[in-house]
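Input: a single structure, listed below in structure tokens.
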Amino acid sequence: MKTISRISAVVMSLAMMVSLAACGTDKKDGNVSPSDDASNLSTVSTQVRFGALYGPTGVSLAKLASQKATIAEPYSDGKNIYSNSYAADYAEEPTQMVAKISSGDVDVACVPTNLAAKLYKVTGGNIKVAAVSTLGVLYMIDTSGEVKSVADLKGKTIYAPSGVQGSNPEYILNFVIEKNGLDDVKVSYEYSVDELTAKIVSGDVQTIMVPEPKATAIKGQLKKAEKEFSVTDIQAEWNKVCDTPIAQGVVIVRTDWLKDNEGAFRTFLNDFAASSDAAINDIDNTVSAVVELGVIPNEALAKQAIPNCNIVSVTGEDMKKSVAGFIDVLLNADPQSVGGSAPDDEFYYVG
């Protein structure tokens with residue numbers, strides 16, 4: 001695998017993949033082309049219930065959640081055109097989304113990658129991963145003037161929100177610390193993200209790691225308090241020590257639902273790509289949508305934070321390669337992070 005030194009390079013290359021995929025509208029790829037005779041095709045309408053977490057995954061789905069209907073080329077199998085309506089269900093915590101997908105309350109969901117691997121085992125294979133949705137959303141903020149990279153953490157304490165312990169951010173942070181050869185760094189998860197915000201502004205703590213959009217909100221508060229600070233992109237730190245990009249968030253689908261609704265799901269993947277593209281390239285409308293949905297609390301914060309969320313839509317074999325590589329890294333770092341072993345090939349939906 002080619003070494004990628006900066007996350008921007010990863011985002012650019014994956015965005016190109018998405019763009020090229022979106023251009024393929026001939027019948028061979030299952031999308032409706034101008035030459036299709038629509039009068040000979042039946043329309044199959046399906047309501048797809050999708051779930052997402054407040055934050056970056058909610059941004060990816062904002063256009064779909066707002067418009068509630070197919071926004072891209074519908075999938076066609078040569079006999080039917082599959083056109084969807086959408087019902088969005090947002091949750092604060094990954095555990096809430098686990099309950100929704102496990103109970104069948106949602107058909108499709110955006111979740112952290114390690115959680116998807118665990119769910120695959122817990123549900124006996126009743127979920128598949130179908131797309132990468134985010135490439136990493138973690139940032140380190142320091143007010144001591146001494147920490148401008150992970151290597152500068154030697155002998156120091158870094159604080160992360162209690163809510164991320166046991167999930168991707170913890171494993172990502174541990175990995176980059178270990179790969180920098182730092183065995184004297186203490187990581188504390190004793191405070192909530194709101195408590196960390198207050199403590200770094202007051203000076204009670206000096207170095208924290210938080211995800212977007214909280215990272216942008218904290219930077220804003222530090223500026224108001226006229227405090228000097230530095231920001232370190234954890235994704236860039238990861239890429240210094242690992243050839244595999246951070247496939248931090250993925251789209252999963254319930255296998256039992258997929259069996260009877262594959263055409264609808266293929267249309268969803270087209271719509272997801274279009275919704276993700278809108279989040280990247282139609283920032284003003286995306287900002288309005290995420291604020292209206294409550295995904296990010298205000299427009300000023302959303303406008304600054306969204307470009308740092310590394311939103312993508314990567315499917316097919318490229319998705320499988322990225323997710324499998326990231327899971328292997330997590331497995332080697334901490335087997336329990338992905339449920340003890342890597343999922344088999346049935347875990348992946350490549351279309």
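The values are calculated or read from the model by the stated rules, or taken from the named source; none is laboratory data. Since the structure is predicted, the reported quantities are computational estimates derived from the model, not experimental observations. So basically every Cβ, Gly included, is an ideal-geometry build from the backbone, and we count neighbours across all protein chains shown. Ligands, DNA and RNA are excluded from the accessible area calculation, which covers all protein heavy atoms including side chains. Shrake-Rupley method; radii C 1.70, N 1.55, O 1.52, S 1.80 Å.
Tell me, which residue of the range 115-138 that is of a type outside the set (G, A, S), under 18 Å from the mean Cα position of the chain (by Cα) and assigned to a loop (DSSP other than H, G, I, E, B) is farthest from K320 (Cα to Cα)? Walk me through how you get there before you give the answer.
Step one: list which residues in the range 115-138 are of a type outside the set (G, A, S), which gives 115, 118-123, 126-129, 132, 134-135, 137-138.
Next, only the ones that are under 18 Å from the mean Cα position of the chain (by Cα) stay: 115, 118-120, 127-129, 132, 134-135, 137-138.
Applying the additional criterion that residues be assigned to a loop (DSSP other than H, G, I, E, B) yields 135, 137.
Values: L135: 14, V137: 20 Å.
Step by step, filter the range 115-138, then rank; the result is V137.
For the range 330-351, enumerate the residues that are in a helix (DSSP H, G or I) and either of a type in the set (G, A, S) or open to solvent by less than 20 Å² (accessible area, probe 1.4 Å) (or both).
L330, A333, S337, V338, F347
Out of all the residues in the range 250-267, is one or more open to solvent by 30 Å² or more (accessible area, probe 1.4 Å) and of a type in the set (S, T, N, Q)?
yes
Only one of these is under 27 Å from V98 (Cα atoms) and at pLDDT 95 or above: A215, A236. Name it.
When all the criteria are applied, what remains is A215.
The rows are residues; the columns are (1) open to solvent by less than 50 Å² (accessible area, probe 1.4 Å); (2) without any contact (Cβ under 8 Å) to a residue 40 or more places away in the chain; (3) among the small types (G, A, S); (4) over 18 Å from V251 (Cβ atoms).
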residue: A65; (1), (2), (3), (4): yes, no, yes, no
residue: G78; (1), (2), (3), (4): yes, no, yes, yes
residue: S102; (1), (2), (3), (4): no, yes, yes, no
residue: D105; (1), (2), (3), (4): no, no, no, no
residue: A109; (1), (2), (3), (4): yes, no, yes, no
residue: P112; (1), (2), (3), (4): yes, no, no, no
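Would you point out which residue out of A198, A160, A215 is more than 24 Å from V329 (Cβ to Cβ) and either without any contact (Cβ under 8 Å) to a residue 24 or more places away in the chain or of a type in the set (A, V, I, L, M, F, W, C) (or both)?
None of the others qualify; the one that does is A198.
Assigned to a strand (DSSP E or B) and either farther than 30 Å from V129 by Cβ or among the charged types (D, E, K, R) (or both): which single residue out of V250, V205, V231 fits that description? It would help to see each step written out before you state the result.
Working: V250 fails: either farther than 30 Å from V129 by Cβ or among the charged types (D, E, K, R) (or both); V205 fails: assigned to a strand (DSSP E or B).
Residue meeting the stated conditions: V231.
How many of the residues in the range 80-100 are surrounded by 15 or more Cβ atoms within 10 Å (Cβ to Cβ), outside any strand (DSSP E or B) and touching a residue at least 40 places away in the same chain (Cβ under 8 Å)?
Matching residues across the range 80-100 total 3.
State whether one or more residues within the range 35-56 are over 27 Å from K303 (Cβ atoms), open to solvent by less than 40 Å² (accessible area, probe 1.4 Å), modelled with pLDDT of 85 or more and among the hydrophobic types (A, V, I, L, M, F, W, C).
Scanning the range 35-56, I find at least one residue that is over 27 Å from K303 (Cβ atoms), open to solvent by less than 40 Å² (accessible area, probe 1.4 Å), modelled with pLDDT of 85 or more and among the hydrophobic types (A, V, I, L, M, F, W, C), so the answer is yes.
Determine whether S202 is open to solvent by less than 20 Å² (accessible area, probe 1.4 Å), modelled with pLDDT of 95 or more, over 21 Å from the mean Cα position of the chain (by Cα) and not hydrophobic (A, V, I, L, M, F, W, C).
no
Pick from D256, D194: which is acidic (D, E), farther than 25 Å from V164 by Cβ and part of a helix (DSSP H, G or I)?
Numbers: D194 fails: farther than 25 Å from V164 by Cβ.
The unique qualifying residue is D256.
Among the residues of the range 45-87, write down those that are over 22 Å from E292 (Cα atoms) and among the β-branched types (V, I, T).
T46, I81
May I ask you to list the residues in the range 274-309 that are in a helix (DSSP H, G or I) and within 13 Å of G55 (Cβ to Cβ)? Please lay out each step first, then the result.
From the range 274-309, those in a helix (DSSP H, G or I) are 274-281, 283-293, 299-308; that's our starting set.
Passing the criteria: A279, V290, L293, L301, A302, A305, I306, N308.
Residues checked against (1) open to solvent by 50 Å² or more (accessible area, probe 1.4 Å); (2) hydrophobic (A, V, I, L, M, F, W, C); (3) assigned to a strand (DSSP E or B):
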site: M140; (1), (2), (3): no, yes, yes
site: S144; (1), (2), (3): no, no, no
site: I158; (1), (2), (3): no, yes, yes
site: Y171; (1), (2), (3): no, no, no
site: N174; (1), (2), (3): yes, no, no
site: E178; (1), (2), (3): yes, no, no
site: D183; (1), (2), (3): yes, no, no
site: V187; (1), (2), (3): no, yes, yes
